[in-house]
Amino acid sequence: MTTRSCLSIVLAAGLGTRMKSDLPKVMHEIGGLPMVGHVLKVLKQAGSDRISVVTGPDMPQLEELVYRLAPTARCYVQHDRLGTAHAALSAKPALEIEADDVVVVFGDTPLVTASTIMKVRQALQSGADVAVLGFRSANPFGYGRLLIKDGQLTAIREEKDASEEERKITVCNSGIMGFAGQHALSLMEAIGNENAKNEFYLTDAVEVANARGLKVVAVTGSETETQGINTRLQLASCEADFQKRMRMDALEKGCTLVAPHTVFFSHDTNLEPGVTVEQNVVFAAGVKVAKGAKIRAFSHLEGATVGADSIVGPYARLRPGAVLGSDTRVGNFVEVKNATFGSGAKANHLSYIGDASVGSKSNIGAGTITCNYDGYLKHRTEVGAGSFVGSNSTLVAPIKLGNGAFVSAGSVITNDVSRDSLVFGRSKQIEKTGRAKKLREKLQAEKDSKA
Ligand code: UD1
Ligand code: CA
């Protein structure tokens, strides 16, 4: 990691008209994280010590998001959308404090990695005054093209301004540009708007720098990383690429994915090496799974922690606040919300366990329901360690079961149960010997008399 200081500017003022959405474009999510969140994360990893984000005048929710995700970032508003150079200059107060490196990135390019940003910074460190991240594309339509001569990048031509010949070039501009801090502001201020869209193009910094005899280079990245999102179709295909990346990461770190293409990750899914994930599993935000655990087919997890060697599913649903200790079992059609399971605890079939704690080695029988909500307030259920809750029990919260309690099947439990007690909360069984036979005879006679 370099010790050079780095100011990063994220351009995010565009309306994203092509998305046909009320939401600012960069707030659309990839892997459950807004695009701009991916960019902010990567800039921090790439050693940016100052981050500026340029937003539109009508995007208070975007500013709020930026400050939540990166409290030390600064937002600047671009009042008129006059192009990418104009956008970068909206952060002029930040540019006036000189940094060694200035990196400009687009908020709509979420898959770029820190090591690629570092490549741009390394080019600056090695003496380039401007470094542009380019990529090769079989379908370059819509991207700016890089005009390179003898290793020097001489210009970037936008699709609309390019000649027939220039449009044949397949090396494209990703939008990520590095500037030597001492030149950044003056290059941007020298850019004009004589082009097809009458916009101030940041890409024109390349020609301005050439005219000044500065060193301008292109650095190459991959198309997958540098894809820009302008439409919903591109958003969906970017999501697919992100999922592929997450699956590769999981496999490489030593997790088993039985059918990788059927497992869906959130940007923050944290699987330890040695986790097994079966087919058709969805990880929503905030899931952590410890080594040796197995997530079986068709399970959905969100905001949940799964302890080592536990088995979840098939068909389990872990909702936010589900914290399973080691060696636990949560089986089919069991929903757990805001509840802890001590090590070795089990709920194997058809249950709802919400706002609860289940002590270690306790067994929750099939069909057990915690009644945690009375229509107004949520209440807690505490099941002590080593307890046994019989099938189809209803635990009406607030309620506490002491360690080693034994609840008989089909009970409705409304009062606390002391430790090691056996409790019945169901009506007594009544048996009338021979009465079934008599009843059948009576009913048959009635039926016959009507025939
Ligand atoms: C831009 C590049 C193009 C490159 C492509 C890569 C320019 C002139 N063109 O084209 O060379 O190949 O990205 O994806 O730079 N923005 C503002 N304010 C503005 C205009 C844009 O903040 O006034 C922001 C947008 O929010 C977006 C980014 O700048 O995040 C790029 O703008 P966009 O309109 O998407 O540019 P492209 O046409 O994709
Ligand atoms: Ca774009």
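Couple of notes before you dig in:
- Comparison of Ser126, Ser137 shows that the only residue that is of a type in the set (Ser, Thr, Tyr), over 29 Å from the mean Cα position of the chain (by Cα) and either over 24 Å from Phe200 (Cα atoms) or within 16 Å of ligand 1 (Cβ to nearest atom) (or both) is Ser126.
- Subset of the range 334-384 [within 32 Å of the chain's Cα centre (by Cα) and basic (Lys, Arg)]: Lys337, Lys346, Lys378, Arg380
- Of all residues in the range 202-209, one or more are under 38 Å from the mean Cα position of the chain (by Cα) and either within 16 Å of ligand 2 (Cβ to nearest atom) or more than 16 Å from Ala88 (Cα to Cα) (or both).
- Whichever residue in the range 14-39 is within 12 Å of ligand 2 (Cβ to nearest atom) and touching a Pro at 6+ places or on another chain (Cβ under 7 Å) and, among such residues, is farthest from Val66 (Cα to Cα): Gly16
- Of all the residues in the range 100-119, those that are over 23 Å from the mean Cα position of the chain (by Cα) and within 16 Å of ligand 2 (Cβ to nearest atom) number 1.
- Candidate set from the range 68-99 (those that are more than 16 Å from Ser8 (Cβ to Cβ) and within 27 Å of the chain's Cα centre (by Cα)); member that is farthest from ligand 2 (Cβ to nearest atom): Arg68
- Residues of the range 40-65 classified as in a helix (DSSP H, G or I), within 16 Å of Val103 (Cβ to Cβ) and either within 16 Å of ligand 2 (Cβ to nearest atom) or among the polar types (S, T, N, Q) (or both), total: 1
- Any hit, the range 57-72, residues being closer than 21 Å to Gly228 by Cβ, within 14 Å of ligand 1 (Cβ to nearest atom) and β-branched (Val, Ile, Thr): yes
- The set of residues from the range 147-162 being touching a Leu at 6+ places or on another chain (Cβ under 8 Å) and either β-branched (Val, Ile, Thr) or without any contact (Cβ under 8 Å) to a residue 60 or more places away in the chain (or both) comprises Leu147, Thr154, Ala155, Ile156, Arg157.
- Selection within the range 240-263 - within 28 Å of Asp22 (Cα to Cα) and in contact with a helix residue (DSSP H, G or I) (Cβ under 6 Å, 6 or more places away or on another chain): Asp241
- Within the set Pro60, Pro34, Pro71, the sole residue that is crowded, with 22+ Cβ neighbours inside 10 Å and over 25 Å from Met188 (Cα atoms) turns out to be Pro34.
- Filter pass, Ala190 being of a type outside the set (S, T, N, Q), surrounded by fewer than 20 Cβ atoms within 10 Å (Cβ to Cβ) and in contact with a helix residue (DSSP H, G or I) (Cβ under 6 Å, 6 or more places away or on another chain): yes
- Number of residues in the range 217-249 that are among the hydroxyl-bearing types (Ser, Thr, Tyr), within 16 Å of ligand 2 (Cβ to nearest atom) and surrounded by fewer than 20 Cβ atoms within 10 Å (Cβ to Cβ) equals 3.
- When the range 135-145 is limited to residues that are under 22 Å from Ala240 (Cα atoms) and in a strand (DSSP E or B), the one that is farthest from ligand 2 (Cβ to nearest atom) turns out to be Arg136.
- Residues satisfying the stated conditions in the range 131-141, i.e. without any contact (Cβ under 8 Å) to a residue 40 or more places away in the chain and either surrounded by fewer than 17 Cβ atoms within 10 Å (Cβ to Cβ) or of a type in the set (Lys, Arg) (or both): Ala138, Asn139, Phe141
- All conditions in (1) out of contact with any Leu (no Cβ under 6 Å at 6 or more places or on another chain); (2) crowded, with 19+ Cβ neighbours inside 10 Å; (3) under 21 Å from Leu40 (Cα atoms); (4) polar (S, T, N, Q) hold for Ser174, with the sole exception of (1).
- Matching residues, the range 86-113, being among the aliphatic types (A, V, I, L, M), closer than 10 Å to Ala184 by Cβ and assigned to a loop (DSSP other than H, G, I, E, B): Ala99
- All told, Arg4 meets the bar of being more than 16 Å from ligand 2 (Cβ to nearest atom) and more than 22 Å from the chain's Cα centre (by Cα).
- Within the range 385-418, the residues that satisfy the criterion of being in a loop (DSSP other than H, G, I, E, B), within 38 Å of the chain's Cα centre (by Cα) and over 17 Å from Ala345 (Cα atoms) are Asn392, Ala397, Pro398.
- Count of residues meeting criterion [crowded, with 17+ Cβ neighbours inside 10 Å and in a loop (DSSP other than H, G, I, E, B)] in the range 114-130: 2
- Only one of the listed residues (Arg4, Arg18, Arg68) is modelled with pLDDT of 95 or more, of a type in the set (D, E, K, R) and assigned to a helix (DSSP H, G or I). That residue is Arg68.
- Pairs meeting the criteria (first residue in the range 222-239 and closer than 17 Å to Lys20 by Cα, second residue within 14 Å of ligand 2 (Cβ to nearest atom) and in a loop (DSSP other than H, G, I, E, B), beta carbons under 6 Å, at least 6 apart or on different chains) are Gly228/Asp108; Gly228/Thr109; Ile229/Asp108; Leu235/His28; Leu235/Ile229.
The values are calculated or read from the model by the stated rules, or taken from the named source; none is laboratory data. Remember, predicted model here, so these are calculated numbers, not experimental data. Cβ atoms come from the backbone with ideal geometry, glycine included; neighbour counts cover every protein chain shown.
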